[in-house]
Every structure is written in C-alpha cells, then in structure tokens.
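The values are calculated or read from the model by the stated rules, or taken from the named source; none is laboratory data. The structure presented is a predicted model; accordingly, all values stated were derived computationally and were not measured. Here the Cβ positions follow ideal geometry from the backbone for every residue, glycine too, while neighbour counts run over all protein chains shown.
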Amino acid sequence: MQRRQLLSGLSIAALGLLGLPRQALCLGGVLPALDQPAPDFSLQGVVPGTAGEAEAAQRSLSDFAGRWLVLYFYPRDFTEG
C-alpha cells in the first residue's frame with residue numbers, strides 16, 4: 001500500500017507542476033506584457049550563406065522592422081522544449 005501511495009503522490013505532484021507557467025529566464029524571469037511591442041533584443045543566429053551553407057550572424061529586432069516575426073526558444077536539441 002505504501003508504494004501505491006508514493007506513486008499517487010508523485011503523480012499528483014507532477015501534474016501540479018505541469019500546470020505552472022515556465023518563467024522567461026532569459027528576460028530575468030519577467031514575461032513581456034501582452035498586446036505590447038516586443039522588447040528590443042540582439043541574438044546570435046544562423047542565416048543562409050553563400051553556396052547554400054549556413055553562417056552565424058547577429059540579429060536584432062530592428063532587422064525585422066515592418067515584418068511579422070515569430071521567435072521560438074528551446075533549451076537545446078532533443079529536449080522537450
């Protein structure tokens with residue numbers, strides 16, 4: 001019976017943690033306000049280069065002025081993010 005109670009408790013705790021929103025750690029734990037312009041940023045990224053190869057480049061919000069932009073961040077490859 002103890003094993004069943006332990007598993008039940010862990011399951012409930014895991015479900016509870018899934019309900020918590022994740023913090024925006026890259027912004028110091030502060031999420032941007034809804035319906036407001038995106039905060040300015042400058043990030044290292046990858047852009048198409050010559051001969052179809054990718055090149056590293058610094059990108060900022062001003063590079064996309066007047067165009068739609070969707071950013072997706074994840075912690076690293078092969079993770080749940």
Find all pairs meeting these conditions: Cβ atoms under 9 angstrom apart; at least six residues apart or on different chains; first residue within region 39-64 and without any contact (Cβ under 8 Å) to a residue 24 or more places away in the chain and part of a loop (DSSP other than H, G, I, E, B); second residue surrounded by 12 or more Cβ atoms within 10 Å (Cβ to Cβ) and among the hydrophobic types (A, V, I, L, M, F, W, C). Pro39/Leu61; Asp40/Leu61; Phe41/Leu61; Gly49/Ala57
For region 64-81, enumerate the residues that are closer than 13 Å to Ser42 by Cβ and either aromatic (Phe, Trp, Tyr) or modelled with pLDDT of 90 or more (or both). Phe64
Looking only at region 2-51, how many residues end up being at pLDDT below 80 and on the phi > 0 side of the Ramachandran plot? 2
